[in-house]
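Below is one structure, written out as C-alpha cells; the observations come after it.
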Amino acid sequence: MEHAPADTFLITGGCGYFGYRLACSLHKKGARIVLFDTVPPKQEVPEDIVFLQGDIREYAQVEKALAGVDCVFHLASYGMSGREQLNRGLIEEVNVQGTENVLRACVEHGVSRLVYTSTFNVVFGGQVIENGDESLPYLPLHLHPDHYSRTKSLAEMAVLKANGTALKDGSGLLRSCALRPAGIYGPGEQRHLPRVVGYIEKGIFRFVYGEASSLVEFVHVDNLVSAHELAAEALTSSKLHRSAGQAYFISDGRPVNNFEFFRPLVEGLGYPFPKVRLPVSLIYFFAFLTEMIHHLVGPVYNFQPLLTRTEVYKTGVTHYFSMGKAKVELGYEPQEHNLDEVVQWFRSRGHGKNSHRSFYSRLLLDILLVTAMVAVALSFLPLVGS
C-alpha cells in the first residue's frame, strides 16, 4: 500500500475476525496499527500492534484513540445476525451514535481518511436484485425488516455526507468512502460458520428453502482485506481521491445458491445434504413467530433464534451485485477461494460426523425449552388481543 510505512491506521472493532486479518495484512506491509475494541484480541498479535480498549459509544474514548492517526477503518458494528438483531437499543447506539463519534473525532483530530464497512443490506430488503450496481437507491428506512440494516444505512449516509468536511486543524478535508461486503467466510470465522456447523451437528439442518435458482454472494476474508486496503489507498491525493464519497459492492463476484455454497462444508464434515426444500414464505412466517416469542420471553431466556426474518431474506431471495465499479475505480480483483480450508479448520478442532461429540442431550433440552416458551407465549395471545 502506498505510504503504508509512514501511516498509522486505526481499526474500530479491530479485534474481531475481519479486523484482525486486516490488521495483520497492513502490519506486514509496514504500517503502524491501532486496534480499538471493547475486548482484547483473542489471537496473538505482533508486539508493535497497539490495542486500545474502549467503547465506540463513548466519544472521549474514541477521540483519544484517534489522536495521531492517518486513516480509520471503521468496522465496529452490532446486530448483524441471530439474537443480536433483536436488541434495538444497543444497535442504535453502536451503529449510529458510534459512527457519529468516529466522524466527529476525525474532523477534530485532522484524520483525513475514513473507510467505512457497510453492508449489501443498505439497498436490499427482500426484493430480487440481479447484478445490481451502486446507482441503486437506498432502501426506504421504513422498509428494512431489521434494525441492523436500517442503522447501517443511516451510518453509511452519514459517512458519505461527511466526505469533504474541512478538518479542524486546517490540514485539508476528510475523505471518506464505504464498502458494502457480502457475507464473510474464511477459516476461523466466528460469527456465521460456527452457527451453521452447530445446526448441522445438532441435526437441525434437515431442509433448505427458496428456489434452487436463487442466487446470493459471499466474500472471502482475504478478498475483503484487499478491497479495504485498495479503498484506503484510493482516498489519497496521489490517487486523486478517487474513492472519496463513493460506495462499492464487494464480493467474490461469483453468485451462488446459498445452500449449495455450504454443501462442501456439510458433506466435508460427513453429513448428508438435505433433500427437502420448503418455500421462503413458510420459513419467513416461522422466523416471524420466533421473533415474537423472543420479544415475550427474551428478558427471561435470551435464546438464539434458528433464523430471523432478515436472515431468511438474505439466504433465500436472489440478490447479487456487479463488481464493475470496484474493479475500475479501486483495482479490486477478487481471488478465487472455496470452503476446503474452512472444512479443514473445523475438522482440526474435532468437528465432523466421526468425532465423539454428542449433541443429542443439548438438542433435547433446546426442544423442551422452545416448546415451553411457545406454550407460554400462546397463553398470552388472548390477553394481547383484548
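List the trypsin sites (Lys or Arg not before Pro) within segment 182-260 that fall in a DSSP loop (any state other than H, G, I, E or B) and whose Cβ has at most 12 other Cβ atoms within 10 Å.
Here the sparse-neighbourhood loop sites are Arg206.
Kindly express, to the nearest 10 degrees and within the range 0 to 90, the angle between helix 98-108's C-alpha long axis and the longest C-alpha principal axis of the chain.
Approximately 0 degrees, to the nearest ten.
Once you have the Cα-Cα distance between Ala166 and Lys202, take 0.36 nm times their residue separation minus that, and quote the gain in nm to one decimal.
7.5 nm
Computed FRET efficiency, Cβ-Cβ of Arg83 and Val39, R0 25 Å: what is it to the nearest 0.05?
0.85
Roughly how tilted is helix 360-385, in degrees to the nearest 10 and between 0 and 90, from the longest Cα axis of the chain?
Tilt relative to the chain: about 90 degrees.
Placing unit charges on C-beta atoms (Lys and Arg positive, Asp and Glu negative, everything else neutral), compute the dipole magnitude of segment 1-77 about its Cα centre in debye, rounded to 20. Let's see the in-between values first.
Numbers: 7 positive and 10 negative charges, 40 e Å.
In debye, rounded to 20, segment 1-77 gives about 200.
Name the residue, out of Ala60, Ala23, Ala326, whose mean-square fluctuation peaks in a Gaussian network model built on the chain with Cα pairs under 10 Å.
Among Ala60, Ala23, Ala326, the largest mean-square fluctuation in the Gaussian network model of the chain belongs to Ala60.
For the chain, set up a GNM with springs between Cα atoms under 10 Å and report which of Glu47, Glu201, Glu63 has the largest fluctuation.
Glu47
When the convex hull of the Cα atoms of segment 253-346 is projected onto a plane and the area is averaged over all directions, what value comes out in nm²?
Quarter of the Cα hull surface area: 9.0 nm².
Once the principal axes of the Cα atoms of segment 184-280 are found, what is the range along each, listed largest first in whole angstroms?
Cα spread of segment 184-280 along its principal axes, largest to smallest: 54, 28, 16 Å.
Cα extents of the chain along the three principal axes, largest first, in whole Å?
That works out to 63, 51, 41 Å along the principal axes.
Taking amide H positions as placed 1.01 Å from N in the peptide plane, with prolines and chain starts having none, which residues 5 or more places from Arg175, or on another chain, fall under 5 Å of its amide H?
For Arg175, whose amide H was placed from the backbone, the distant partners under 5 Å are Arg113, Leu114, Gly164.
Along Cα→Cβ, 7 Å out, is where each label goes; now give me the distance between the ones at Val50 and Val276 in nm to one decimal.
Inter-label distance under the simple model: 5.6 nm.
Provide the descending list of Cα extents for segment 83-132 along its principal axes, expressed in whole angstroms.
42, 30, 11
Cα convex hull of segment 122-272: mean projected area in nm², to one decimal?
11.4 nm²
Would you please state the base-10 log of I(q)/I(0) at q = 0.22, 0.24, 0.28 1/Å for segment 7-62, with intensities from the Debye formula using one equal scatterer on every alpha carbon?
Log10 I(q)/I(0), no solvent term: -0.76, -0.89, -1.15.
Which whole-Hz couplings ³J(HN,Hα) result when phi for each residue of segment 324-329 is put into the Karplus expression 6.51 cos²θ - 1.76 cosθ + 1.60, θ = phi - 60°, listed in order with x for Gly and Pro?
Values, residue by residue: x, 5, 5, 5, 6, 8 Hz.
Against the longest alpha carbon principal axis of the chain, how many degrees, from 0 to 90 and to the nearest 10, is the axis of helix 193-202 turned?
10 degrees
May I ask you to compute the full-extension gain from Tyr138 to Ser237, defined as 0.36 nm times their residue separation minus their alpha-carbon distance, rounded to one decimal in nm? Numbers along the way, then the final one.
Working: separation 99, 0.36 × 99 = 35.64 nm, distance 2.86 nm.
Full-extension gain reported as 32.8 nm.
Mind checking the dipole of segment 103-173: about its Cα centre, +1 per Lys or Arg Cβ, -1 per Asp or Glu Cβ, Debye to the nearest 20?
Dipole size: approximately 280 debye.
Run lengths n ≥ 4 of DSSP H only: what is the helix-derived mean residue ellipticity at 222 nm for the chain, with -39500 (n - 2.57) per run over all residues, to the nearest 500?
It comes out at -12000 deg cm²/dmol, rounded to the nearest 500.
Report, as a whole number in µm² per second, the diffusion coefficient that Stokes-Einstein gives for segment 93-190 at 4 °C and 1.567 mPa s using the Kirkwood radius over alpha carbon pairs.
The Stokes-Einstein estimate is 88 µm²/s.
What is the local net charge at Tyr17, summed over the other residues whose Cβ is closer than 13 Å to its Cβ (Lys, Arg +1; Asp, Glu -1)?
So the surrounding residues net to 0.
Between Val256 and Lys28, how high is the FRET efficiency from 1/(1 + (r/R0)^6) when r is the Cβ-Cβ distance and R₀ = 22 Å? Nearest 0.05.
Working from the Cβ atoms, E equals 0.15.
Which of the residue pairs Lys275/Lys314; Lys29/Lys64; Lys202/Lys325; Lys239/Lys314 have a Cα-Cα distance greater than 31 Å in the structure shown?
Cα-Cα > 31 Å for Lys202/Lys325; Lys239/Lys314; rest within.
No lab work stands behind these numbers, since they all come straight from the coordinates. In this text the structure is predicted, and so the values were computed from the model without any measurement. Every residue, glycine as well, gets a Cβ built from its backbone with ideal geometry; the counts of neighbours run over all protein chains shown.
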